[in-house]
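Chemist: After the structure tokens below, expect a handful of questions from me.
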């Protein structure tokens, strides 16, 4: 991208202005007005002028302010539980005296904004069917009983591919062996330990705040469109905020593994998360059946160096983003180079700002705006600072 000319016309106008020559107080007033105008103009140009540069350069903090992506849903207020669940229970009314035995039954009974309390123990697969709560209603808050440890064998929202499942609930503080979210709306996982895979298929308004995902081998977590649907049903408004992705390995030759793959999405934010001990890629994003990904923000993450446990698939990159329209990658740290789009890939409205990562000069792309990055051995934009 060329250097910005913000403010340059005003600077030329100031230099070419020819002041009049009034006498006495009028002259003083004219001079004061001219000085005030010059001060205001210099304020718009910013520190670049005082650093000896000829042009004003956009400040990355203005172009990419703190947390430009999807905001994390606020922590729900504490509510007294009115719905109760316990492992192996058979109650139909989900009361404290006669709890129900599944989360699906509890959500079917819960009114908007209600509190659901989970008794300690291990639960079998939790398959959540569609419920009757109205769209846009307050989320049901699902939490373990005080001091209780709760583990689900599986959490599946929507029984099968393409099925609509329960929505508008906030589940927190549990451990789940695996998560599969089919076409569910407004589901929040908060401080949930996913001790295996996490798959989102065509879901909307999903958020995972805190918690972790991993480990696994020869498969990977994925955000994708509904399999086989025409036209494609693409996930929308997906957030991962403060999540630890870890220990995803490729052990079989030919497998493609990463800690998180985004196959299709419209509006995605990955924020404040860490990717450690991942094979092949930490995070891989590339639109497939739904076309290029759109409105993607990757901010404030740590990407560790990737590896290979198969012995035949060398790992070169941590972050991989291969196409997209409206992509902001800002304030990330990486121990390894990134894989960015090739010449024939779709790149529209991309900004990379304030990142610290290895980068070679040949990787710089004229279709991308670079601001205030610290690349090793590369300066892709006028405000980037190469490190050695």
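Chemist: Does region 237-257 hold any residues that are closer than 15 Å to residue 198 by Cα and within 16 Å of the chain's Cα centre (by Cα), and which are they?
Modeler: Scanning region 237-257 gives 238, 239, 240, 241, 243, 244, 245.
Chemist: When residue 383 is evaluated against the numbered criteria (1) farther than 17 Å from residue 260 by Cα; (2) assigned by TED's automatic domain parsing to the domain that holds residue 211; (3) in contact with a helix residue (DSSP H, G or I) (Cβ under 8 Å, 6 or more places away or on another chain), which criterion, by number, is the only one it fails?
Modeler: (2)
Every residue, every condition in (1) without any contact (Cβ under 8 Å) to a residue 12 or more places away in the chain; (2) more than 25 Å from residue 159 (Cβ to Cβ); (3) touching a strand residue (DSSP E or B) at 6+ places or on another chain (Cβ under 8 Å), yes or no:
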site	(1), (2), (3)
200	no, no, yes
218	no, yes, yes
229	no, no, no
269	no, yes, yes
281	no, yes, yes
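Chemist: Still on this structure, please answer the following. Restricting to region 99-117, count the residues that are under 31 Å from the mean Cα position of the chain (by Cα) and assigned to a loop (DSSP other than H, G, I, E, B).
Modeler: Residues that pass the stated criteria total 6.
Chemist: In region 202-238, how many residues are within 30 Å of residue 136 (Cβ to Cβ) and part of a strand (DSSP E or B)?
Modeler: Adding up the residues that qualify gives 13.
Chemist: Now, a different point. Looking only at region 369-380, which residues are out of contact with any helix residue (DSSP H, G or I) (no Cβ under 9 Å at 6 or more places or on another chain) and free of Cβ contacts under 8 Å to residues at least 60 places away in the same chain?
Modeler: Once the filter is applied, which keeps residues that are out of contact with any helix residue (DSSP H, G or I) (no Cβ under 9 Å at 6 or more places or on another chain) and free of Cβ contacts under 8 Å to residues at least 60 places away in the same chain, region 369-380 yields 374, 376.
Chemist: List the pairs whose first member sits in region 134-160 and is more than 18 Å from residue 176 (Cα to Cα), whose second member is in a loop (DSSP other than H, G, I, E, B), and whose Cβ atoms are under 6 Å apart, counting only residues at least 6 apart or on separate chains?
Modeler: Short answer, once both residue conditions are applied: 137/112; 137/168; 138/112; 138/113; 139/168; 140/110; 140/114.
Chemist: In this structure, is residue 55 in a helix (DSSP H, G or I) and either at pLDDT 50 or above or surrounded by 14 or more Cβ atoms within 10 Å (Cβ to Cβ) (or both)?
Modeler: no
Chemist: I would also like to ask the following. Could you tell me which residue of region 239-255 is farthest from residue 186 (Cα to Cα), considering only residues that are touching a residue at least 60 places away in the same chain (Cβ under 8 Å) and assigned to a strand (DSSP E or B)?
Modeler: 249
The values are calculated or read from the model by the stated rules, or taken from the named source; none is laboratory data. Keep in mind the model is a prediction, meaning the values are calculated, not measured. Using ideal geometry, Cβ is built from the backbone for each residue, glycine included, and neighbour counts are taken over all protein chains shown.
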